[in-house]
Amino acid sequence: MAADSSILDDRPALASARAPALAPAPASTRCAQAHTDVQWRCLPFGALLPDTLYRLLRLRSAVFVVEQACVFLDLDGLDPQCLHILGERPGSPAEAALVASARLVPPGVAYAEASIGRVATAPTARGLGLGHALMAQAVQTLEQLWGPQPIRIGAQAHLQSFYGQHGFVADGAPYVEDGIAHIEMILNPAVDRFSRKARC
C-alpha cells in the first residue's frame with residue numbers, strides 16, 4: 001500500500017482539511033521501499049481521539065522515559081499548541097500500529113522559530129531508516145503548513161549527525177537537559193531541501 005501523506009483529522013466528520021494534502025516526503029529508494037506500508041497523518045491535538053492519543057503518549061513514554069531511563073515530565077503543556085505527525089502501519093494490532101511520531105511546534109512557543117520535537121520511532125521498527133522518513137515528513141509538513149522558515153530543535157547530542165543529514169547545523173554550546181546532553185540545531189530555509197540525502 002502506498003504511503004498516505006495526507007493531513008487528516010482523526011474524526012471523519014471533521015476531515016475537511018485543516019491544511020492542504022501533502023506529497024510523500026523525498027526519500028532514498030531503499031527508504032521508500034522499506035516504508036511503503038507506513039501511512040502519515042498530521043493532526044492537531046484537539047483532533048486526537050482517545051485511543052490515538054493513548055498510543056502516541058505510550059510510544060513517547062516507551063522511548064523517552066523507559067528506554068532512555070530518564071525520569072522527566074513528557075507532558076510539558078505544549079502539546080495542545082502543536083500538530084502531531086503520526087506514522088502508522090494499518091492492519092497491525094492497535095497497540096503496535098503507531099511506529100513513529102513527532103510534534104510540530106509553531107514559532108514563538110518553544111523557541112522564536114518553529115520547531116520539531118518529541119521525535120520517536122518504535123524500537124521494533126528501527127534499522128531501516130524510519131527515523132529519516134519521519135524527519136523528512138516532519139520538515140516537509142511544517143514547511144507546507146507554515147511556509148519555508150528557520151526550524152530550531154533541541155537535539156540529543158549523540159544524534160547530531162542524524163539531524164545533520166537533514167540539513168540541521170549546531171547553533172550554540174551543548175547543554176544538559178533532564179540528565180542528557182543536548183545541543184540546539186537550526187535548519188535555515190536557504191538550505192536546498194533536494195540536495196539533502198538522508199541515509200536509511
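Only the coordinates and a few stated rules stand behind these numbers; no lab work does. Just so you know, these numbers come straight off a predicted model, no measurement behind them. Every residue, glycine among them, receives a Cβ derived from its backbone with ideal geometry; neighbour counts consider all protein chains shown.
Here is how the numbers come out for the structure above:
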{"read-out": "Cα gyration tensor of region 52-180 - equivalent ellipsoid semi-axes, whole Å, descending", "value": "22, 18, 16"}
{"read-out": "Mean Cα-pair separation over length for region 41-200, i.e. relative contact order, pairs under 8 Å, 6 or more apart, %", "value": "18 percent"}
{"read-out": "Residues 52, 141, 36, 124, sorted so that the one with the fewest Cβ neighbours within 10 Å comes first", "value": "124, 36, 52, 141"}
{"read-out": "Per-peptide average of other Cβ atoms within 10 Å, ordering 148-154, 66-72 highest first", "value": "148-154, 66-72"}
{"read-out": "Packing rank of 105-113, 83-91, 179-187, where each peptide gets the mean count of other beta carbons within 10 Å, highest leading", "value": "83-91, 179-187, 105-113"}
{"read-out": "Stretchable slack from residue 170 to residue 45, in nm (0.36 nm times residue separation minus alpha-carbon distance)", "value": "42.1 nm"}
